[in-house]
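No lab work stands behind these numbers, since they all come straight from the coordinates. Only a predicted model underlies this, so the values are computations on that prediction, with no experimental measurement involved. A quick note on method: Cβ atoms are made from the backbone with ideal geometry, for glycine too, and the neighbour counts reach across all protein chains shown.
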């Protein structure tokens with residue numbers, strides 16, 4: 001029961017009891033005065049919220065009632081009045097003087113109708129002590145109630161609000177939407193998502209939190225007039241509830257000052273969805289499609305950027321590689337001018353450089369050709385036999401031994417036969433050239449989980465670990481006369497066939513190139 005209800009209930013009862021007792025005990029016969037002052041006291045305490053100036057007369061009405069009844073029992077009314085006057089004041093310094101003055105008034109009036117004996121003087125002292133106990137007890141109880149109320153409010157806030165931004169959390173957002181739907185209130189649900197927020201969060205959590213706080217403030221400012229509720233309900237996602245009259249345009253969702261870009265969806269209730277579940281589902285589907293479209297656009301832009309970067313690197317590499325032989329040719333032509341254009345001494349060198357330019361251009365064109373298009377179901381075993389026959393004599397010219405190892409069962413793959421032959425010849429020739437001394441190259445084919453595994457292993461000097469990550473990069477070569485495009489072309493051919501090419505090398509022992517290509521079985 002609240003104090004306001006208690007005072008409205010007990011003051012009339014206590015006042016009537018004191019008046020009846022005063023008349024019955026013969027202390028007073030001033031019934032009209034007692035009734036009038038009791039009514040004035042009660043009325044002032046009932047109406048003082050509306051008319052605050054009545055508070056300044058309450059102690060006078062109580063003093064007059066006390067004087068007319070001449071009963072010490074009025075002390076209970078004094079205590080009620082003390083609590084009534086101080087219950088809205090939190091400071092003890094403010095409430096203690098009021099309490100002392102009211103007890104002093106009670107004591108002085110009491111001395112009017114009581115003889116000044118030692119007992120009465122001690123009672124006065126006791127009354128002062130009682131008033132202090134009442135005030136301190138009231139403040140103690142009031143502080144407990146205040147802390148309890150504060151904790152309850154904080155609990156309610158944390159239950160339905162996001163601590164970081166102060167907006168509604170997921171539960172608060174859902175409750176608010178359900179409430180609007182239950183009352184059939186038309187509104188607009190806007191879901192907002194920050195693009196690439198995870199990358200910001202990964203770099204600096206404090207910066208990400210500052211962005212979220214700034215976003216929350218910006219949302220509240222921009223939609224203040226039509227804002228029903230706002231929520232941060234999932235990391236970097238916000239939900240905004242707006243009135244039906246709110247006008248929404250793209251300008252309101254530009255947060256360039258904060259340094260972020262967003263995508264958003266708008267769903268209207270009840271025009272587009274008439275139920276709570278239907279509304280939430282439609283809104284989530286729309287924001288998902290928006291995020292997906294943004295992601296696809298970003299991926300396209302990233303792919304285009306990477307493609308242009310690769311084209312630039314290839315063009316720069318090609319220009320550099322061609323410039324070297326052209327510089328040589330130009331120098332020899334200038335020398336020939338001195339000898340009446342007699343190029344015979346440098347003819348072989350010039351022709352070698354021209355051949356080098358031609359080979360470089362041919363390999364570059366091969367590298368830049370589109371995806372393999374002449375795809376047929378062919379036998380990998382037959383293809384490898386063909387490559388073996390073409391390279392066997394070359395191995396002998398180097399003084400190397402060359403072996404072929406094929407499975408008993410034929411292995412077929414969907415492939416461009418000429419491209420695969422080109423791939424394998426390139427790998428085998430690299431193996432021959434990697435062995436400075438007489439060595440051995442093994443050429444094998446196996447099957448693992450419906451994948452053809454082709455291996456070319458040499459016993460050469462091996463590839464240093466520092467060079468392994470770069471060997472498939474265009475124009476990277478350790479050969480004096482190499483173009484640096486051979487392995488890049490090989491990698492492209494394998495990828496065009498849906499496969500992978502890997503290398504395993506140990507310095508001083510040799511190198512193994514492994515090509516894995518999906519195969520086709522009879523069931524397929």
FRET efficiency (residue 509, residue 299; Cβ distance; R0 45 Å; to 0.05) is 0.60
Once the Cα atoms of helix 55-69 and of the chain are each reduced to a long axis, what angle between those two axes, in degrees from 0 to 90 to the nearest 10, is obtained? 30 degrees
Take the alpha carbon gyration tensor of the range 22-101, find the square roots of its eigenvalues, order them as a ≥ b ≥ c, and report rounded if a/c is under 1.5; if not, report prolate when a/b exceeds b/c, else oblate. oblate
Give me the extension gain from residue 147 to residue 379: residue separation times 0.36 nm, minus the current Cα-Cα distance, reported in nm with one decimal. 75.1 nm
By how many degrees, between 0 and 90 and to the nearest 10, does the Cα long axis of helix 486-496 differ from the longest principal axis of the chain? 60 degrees
With R₀ set to 51 angstrom, the calculated FRET efficiency between the beta-carbons of residue 470 and residue 175, to the nearest 0.05, is 0.30
Round to the nearest 0.05 the FRET efficiency obtained for residue 251 and residue 281 when R0 = 22 Å and r is the Cβ-Cβ distance. 0.15
With equal scatterers on the alpha carbons only and no solvent term, can you work out the Debye log10 of I(q)/I(0) for the range 3-157 at 0.12, 0.14 1/Å? -0.56, -0.74
State the Kirkwood hydrodynamic radius of the chain in Å, one decimal place, computed from all pairs of distinct Cα atoms. 34.1 Å
Compute the distance in nm between two label points, each set 7 Å from the Cα along the Cα-to-Cβ direction, one at residue 125 and one at residue 243. 6.8 nm
Would you work out the relative contact order for the chain, in percent, from Cα pairs under 8 angstrom that are 6 or more residues apart? 8 percent
CD proxy at 222 nm, helix term only [per DSSP H run n ≥ 4: -39500 (n - 2.57); per residue of the chain; nearest 500]: -20000 deg cm²/dmol
Mean Cα-pair separation over length for the range 7-93, i.e. relative contact order, pairs under 8 Å, 6 or more apart, %: 33 percent
Just to confirm the number: angle between the C-alpha axis of helix 92-113 and the first principal axis of the chain, 0 to 90 degrees, nearest 10? 10 degrees
From zero up to wherever the largest Cα-Cα distance of the range 157-274 sits, split into 10 Å bins and tell me the percent of pairs in each. 13, 46, 32, 8, 0
